[in-house]
Amino acid sequence: MPDPIRILLADDHPMFREGVAHSLGSEPDLEVIAQTASGEEAVELAQRLIPDVVLLDITMPGIGGIAAAARIAASVPDMRILMLTVSEDKDNLLAALKAGAHGYVLKGASASELCAIVRRVAGGEAFVTPALATRLLVEFSRPQARDPLSELTAREHDVIELLSLGSSNREIAERLHLAEKTVKHYVTCILQKLHARSRTEAALIAVQHGLPTRAAPEAAPAKQHPDSTR
């Protein structure tokens, strides 16, 4: 008979932790070798006992489960980590996976479901509670909002910045050292790309989409006539 899967359980709720330990320990192929109520001790026990799977709650005194997962993953890279939590927050899920967790299961899972998930994670699989996985996939599949400013060239960005400050074509031409006719061409292109009907609307669209505020370039100094000092 193969050796049982050795499990470290970390949760700061004693009654829940004892219940999970009992459910897991009732299975012949699962063995809870240690329990703790803190993230710091979970890290220490994981490094010392080298369990096959670490079950971590997210909210615990001290560093918490996600930080503990990151430390365990960094110090014992091959150790399997499974988050066992009430949190359905996608940010916690993403943070846990980024920290090195191989699974994320909600505490509403039945004892038989949890045992099966522990076996799967110990065997090298990844697991996320299906409802959370579906929600995450739906969110990632949504088309991202288009940033109209991304279609502008670098010079068009310079023009729209000055335009947003209320500068006229002549003033923009002087500041950017361009011909006024060239500035008019840039403004026309900007209106088309932003689907704006006027300079004012284009400026408003640019500001709404986070137009960076940079200092306007200085106008070119007027050339002094050689005889002007005489």
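The values are calculated or read from the model by the stated rules, or taken from the named source; none is laboratory data. Computed from a predicted structure; not experimentally measured. Neighbour counts run over all protein chains shown; Cβ positions are idealised from the backbone, glycine included.
So that you can scan it fast, the table gives a plain yes or no per residue for (1) of a type in the set (D, E, K, R); (2) more than 34 Å from the chain's Cα centre (by Cα):
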position: LEU9; (1), (2): no, no
position: PRO14; (1), (2): no, no
position: GLY25; (1), (2): no, yes
position: ASP29; (1), (2): yes, yes
position: THR36; (1), (2): no, no
position: MET60; (1), (2): no, no
position: GLY65; (1), (2): no, no
So HIS157 fits all but one of (1) loosely packed, with under 14 Cβ neighbours inside 10 Å; (2) assigned to a helix (DSSP H, G or I); what number is the exception? (1)
Verdict on ARG170 being buried (at least 19 other Cβ atoms within 10 Å of the Cβ), charged (D, E, K, R), at pLDDT 90 or above and farther than 22 Å from LEU30 by Cα: no
Sort out which residues of segment 1-20 are exposed (fewer than 15 other Cβ atoms within 10 Å of the Cβ), among the acidic types (Asp, Glu) and assigned to a loop (DSSP other than H, G, I, E, B), and write them in order of number. ASP3
Check off (1) surrounded by fewer than 22 Cβ atoms within 10 Å (Cβ to Cβ); (2) part of a loop (DSSP other than H, G, I, E, B) for ILE58 and give me the number that stays unchecked. (1)
Single match in ALA69, ALA95 (criterion: touching a Gly at 6+ places or on another chain (Cβ under 6 Å), assigned to a helix (DSSP H, G or I) and within 24 Å of ALA131 (Cα to Cα)): ALA69
Could you check segment 170-199 and list, in sequence order, the residues that are farther than 21 Å from PRO148 by Cβ, assigned to a helix (DSSP H, G or I) and not aliphatic (A, V, I, L, M)? ARG170, GLU171, GLU174, ARG175, GLU180, LYS181, THR182
Search result, residues across segment 194-222 that are farther than 17 Å from ARG155 by Cβ and modelled with pLDDT of 55 or more: HIS195, ALA196, ARG197, SER198, THR200, GLU201, LEU204, ILE205, VAL207, GLN208, HIS209, GLY210
Go through segment 27-54 and count every residue that is in contact (Cβ under 8 Å) with a residue 60 or more places away in the chain and either surrounded by fewer than 15 Cβ atoms within 10 Å (Cβ to Cβ) or out of contact with any helix residue (DSSP H, G or I) (no Cβ under 7 Å at 6 or more places or on another chain) (or both). 1
Those residues of segment 74-92 which are in a loop (DSSP other than H, G, I, E, B) and not hydrophobic (A, V, I, L, M, F, W, C) amount to PRO77, ASP78, SER87, GLU88, ASP89
